[in-house]
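Contents: one structure, followed by commentary.
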Amino acid sequence: MASPKLLCTAQVLRDLIECHQKNGCLSPVELDRVHTEYAVLSETFGDTLPESAFRDTAALLRANGIAPLQYTLPNLIVRIAVWSGFGCVHSALATSSVLEAVELSLVARPAQVCLCRGHVAPALYAKDYLQGRLPLLSLLTLGQGGLSPTVRQSDSGGLDLYYNLGVGLPRVVGRALRRPTVQHIAIIGDSELYSGPSLESLMLLRAHQDIRVDLVVECNGWGIEPLPAPVTPDLLSPFFDRVIKIGQSDLSTLKEALEASTGRTAILVETLKTCHGYFAGGPPSSLCLAAGQLLTRHRTIPVSVIVPDLAGRFGLPPYSYLNVSLAESAAPLVAMECDSPTVIATDQSYLLNAVGSLFEATRQRPIVILAARSWKQWGGEASALNVLSLLPKVQVFEPASVAELRFILERALRADGSTVISLVDAPPLSDGEALDEGSGVWLKRSDARLCVVSFGYATSILAREIGELSEWDHIHFCQLRPQLEPLLVEQLAKYSGVITVEFNGKSAGFGESVSAQLRDVRHVEHVAIDADVQNLTFPRQLAFHGFDRSGLMLRLESFKAQTEEAHSPTTSLDRPTHNCRERPGTDEYLDQYFYRPIAALMVPALARAGMSPILVTTASLALALAGGIAFFGHREPLAGALLSFSIVLDCVRRPVGTTPRPHLARRKRP
């Protein structure tokens, strides 16, 4: 089995160094060091880098006496945020101090430490660099295909933490149940205690008094937003033998408390946090911010807004919403009891955690759900929208412009069923470019042979590109599962090929829904995401999944070439129909579906029955007509019937198992 590779290559590293040099983000000393490290790395591994490339390079540097540059740990954490352009700096700084105290306690009392805070990975990388386990160059690759923005197994005590919150503590309790004699220490943030899985794991911990879990909670009164109420010792005292609260400046007490623990101690550590995330240049314009503005300015209908800790993403002003913190599963159930139309402004990942509650709520009353897709550097589940679209009485939309968002939101607030509105954190199209009112909107229509059918955000990527390609038409949809009008189905059936494009999961997605209704289109292909969205910065994320300009143009050119080959005169008989997208060569196909069945069944049966040649010919003609319509498509039944009839006659005239006549042995498709 081949060893895993990093998503970034040596070429990506060269580009990063050049970019930071131009931006002045690297000091002369830092620039000299990353050039030295790059020379060692590229000489050792070439352009394709194995997963161990950074740590192996650090070992080579140590062997050659090249020591890390001198930083303080807090200073280096801040530098990583500057280089990457994003980061939860306050959380990383607080966790680095807590980790240092916890590690000191392990000298006197060994334990399995599990870090349950996925977004503090830069603190671990900074510590590894200062201890000579990573090169400085690697710290430039956060979110660029090198180092992961979220904590991985090798750094967190064996926990892979991706994009769902509240999963760390239940996994630690599960490990303790499996190994009750081993001491475990779980480090989490105070906002995570508001999540359903964390609260349920505390109940499980109480039910099993024999397992040994110490809990270290970083208490700063923040999640992504300020918490509705702080975590207090009274909350945790029913679940632990002892609960201690210590100040930020007294971390030595944390070490002593862990050393003295009998195995079930909760320690609340006060830490400092004044904001959650840092983004260079501030948050860009997006449909999320536009949705918040529309809700704020809404005057015709009173609206109740429920937010699970994400008001900042939607730009909602204070006191205009109810913050349920990370109680994602509770939000839909709370919404059921609101008197006015209710909007839940949340995230797709949060919604997947609350599918059971959504199932209950959407069956009983309409709810409008704003589902932010802030994949960016964090990544996420690509098929979240597709899962939500399977809920009863739920329709899913993804607008590409603010005008389209306004139209969908106004209609959703008056609808009888529930509506999920997917909002990608990316600049929208201008209002005049896309406004689908339910049956699709043509962005470009001519006499082209090929057509792009795009969904939601994918339209933002393709709209201007398709306008420059004469051989393509383009229609946009904002609904995930649209019901195509009969006239539109007829129009699309006239194209030589149709390709659907969605920046979304392929399984049960837009493309599958549309193609099921295009049964008469000769050639259909889907462009979508096949796996989880990688935790890369947005431009690299698009490129990795083939949704940057060059990737999409390559897919369109490939599709165009396939349709031209499929419809060329020399392969006209190979043209696929709705139930046979990739048919084998003509002679193989005819032999499989006509010659063998007829030769093996029909001809011997007729001969044994003693039928006259006239009756044999009549029966053969009837079978040929049916076979031509069934296998060659109802568009050309006469041509199919004539060809089938010639095969039947050929079967009658020659022994079973001999080679077909030359006019039937067409050359196979390459």
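Rounded to the nearest whole Å², what accessible area per residue is found for region 36-195 with the 1.4 Å probe?
Result: 36 Å² of accessible area for each residue.
Measure off, as a whole percent, the carbon and sulfur share of the 1.4 Å-probe accessible area of region 74-213, all protein chains present.
55 percent
Quick one: order 393, 506 from most to least accessible surface, probe 1.4 Å.
393, 506
Can you give the accessible area of residue 25 in Å² (nearest 10), computed on protein heavy atoms with a 1.4 Å probe?
About 30 Å², ignoring ligands and nucleic acids.
Which residues does the label zone of residue 104 cover in region 57-88, counting backbone N under 17 Å from a point 7 Å along Cα→Cβ?
Within reach of a label on residue 104, which here means backbone N under 17 Å from a point 7 Å along Cα→Cβ, region 57-88 contributes 73-74.
Considering only protein heavy atoms, what is the solvent-accessible area of residue 411 at a probe of 1.4 Å, reported in Å² to the nearest 10?
Here the residue's solvent-accessible area equals roughly 90 Å².
Once Rh for region 291-420 is found with the Kirkwood sum over Cα pairs, what is the Stokes-Einstein diffusion coefficient at 37 °C and 0.692 mPa s, in µm²/s? Walk me through the numbers on the way to the answer.
Numbers: Rh = 14.6 Å.
D = 224 µm²/s.
Report in % the part of the accessible area of region 300-419 that belongs to carbon and sulfur, leaving out ligands and nucleic acids; probe 1.4 Å.
Numbers: 2360 of 4220 Å².
Exposed carbon and sulfur together represent 56 percent of the surface.
Taking loop as defined by DSSP and a crowding limit of 11 other beta carbons within 10 Å, which GluC sites (Glu not before Pro) in region 305-409 fit?
For GluC sites (Glu not before Pro) across region 305-409 that sit outside H, G, I, E and B with at most 11 neighbouring Cβ atoms in 10 Å, the list reads 337.
Just in region 305-363: which chymotrypsin sites (Phe, Trp or Tyr not before Pro) are loop by DSSP and have at most 13 other Cβ atoms within 10 Å?
When the chymotrypsin sites (Phe, Trp or Tyr not before Pro) of region 305-363 are filtered for loop state and at most 13 Cβ neighbours within 10 Å, 319 remain.
What dipole magnitude, in Debye to the nearest 20, does region 113-234 give about its Cα centre under +1 on Lys/Arg Cβ and -1 on Asp/Glu Cβ? Can you show the working numbers first?
On the way: 10 positive and 11 negative charges, 98 e Å.
In total the dipole reaches around 480 debye.
Please report the equivalent ellipsoid semi-axes of region 49-175, computed as sqrt(5 x eigenvalue) of the Cα gyration tensor, largest first, in whole Å. Before the final figure, lay out each step's value.
Details: eigenvalues 110, 61, 47 Å².
Rounded to whole Å, the semi-axes are 23, 18, 15.
I'd like the chymotrypsin sites (Phe, Trp or Tyr not before Pro) in region 15-80 restricted to DSSP loop residues with at most 11 other Cβ atoms within 10 Å, sorted by number.
Answer by residue number: there is no such site.
Suppose accessible area is computed on protein heavy atoms with a 1.4 Å probe; arrange 83, 222 from highest to lowest.
222, 83
What nm distance separates the two modelled labels at residue 531 and residue 72, each placed 7 Å from Cα along Cα→Cβ?
The two pseudo-label positions are separated by 4.2 nm.
Per residue, how much accessible surface does region 305-399 expose to a 1.4 Å probe? Answer in Å², no decimals.
33 Å²
With all protein chains present and a 1.4 Å probe, how do 273, 127 order by accessible area, largest first?
My answer, sorted largest first, is 127, 273.
What number comes out for accessible area per residue over region 468-534 if the probe is 1.4 Å? Units Å², please. Kindly include the intermediate steps, with their values, before the conclusion.
On the way: 2500 Å² over 67 residues.
For region 468-534, the per-residue accessible area is 37 Å².
The values are calculated or read from the model by the stated rules, or taken from the named source; none is laboratory data. This structure is a prediction, so every number in the text was calculated from the model and none was measured. Glycine also receives a Cβ, built like all others from the backbone with ideal geometry; neighbour counts cover every protein chain displayed. Note: accessible area is taken over every heavy atom of the protein model, side chains too, but ligands, DNA and RNA are not part of it. Shrake-Rupley method; radii C 1.70, N 1.55, O 1.52, S 1.80 Å.
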